[in-house]
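Chemist: Starting off with a structure, shown below.
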Amino acid sequence: AKGPGRLRVAEVVESAWFDRAIIALILLNVFFMCLYSYDAPPELKTAIEVVNHVCAAAFGAEMALKLAAWGARAYFANAFNCFDCVLVLFSVLVYVLENTTSSGVQLQHLTALRALRVV
């Protein structure tokens, strides 16, 4: 049974403006990922990293809101949501690996898979 709070969250995540906001975030994220190069100034690399983390957090929040609104069964019944979940979990994994490995391995380019969400 859906309570009034869950129904309200469902209204939000099913709204056109929510979809447009998520697509705008994806495009912003992809734009900043395209700016990355090994010889980029440190300030640009920092800006790219900040945008990447903000977008990853927003995509995680999107997933959490949809799970709260629809429940796990309905959420995972949709292939796009399954794909989003994999990307969110992958982003968390990349973040953890980048912040726990001492080898300096750069995995930011692997998050380019987010661009597939637009397709």
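Chemist: Can you tell me how much longer the chain between GLU11 and ALA24 gets when fully stretched, taken as 0.36 nm per residue apart minus their C-alpha distance, in nm with one decimal?
Modeler: Length difference between fully extended and current span is 2.7 nm.
Chemist: Taking 0.36 nm per residue of sequence separation and subtracting the Cα-Cα distance, how much length would be gained by fully extending the chain between ARG73 and ALA58, in nm to one decimal?
Modeler: Fully extending the segment from ARG73 to ALA58 adds 3.2 nm.
Each reported figure results from applying straightforward, stated rules to the coordinates on display, with no laboratory input. These numbers come from a predicted model, not from an experiment.
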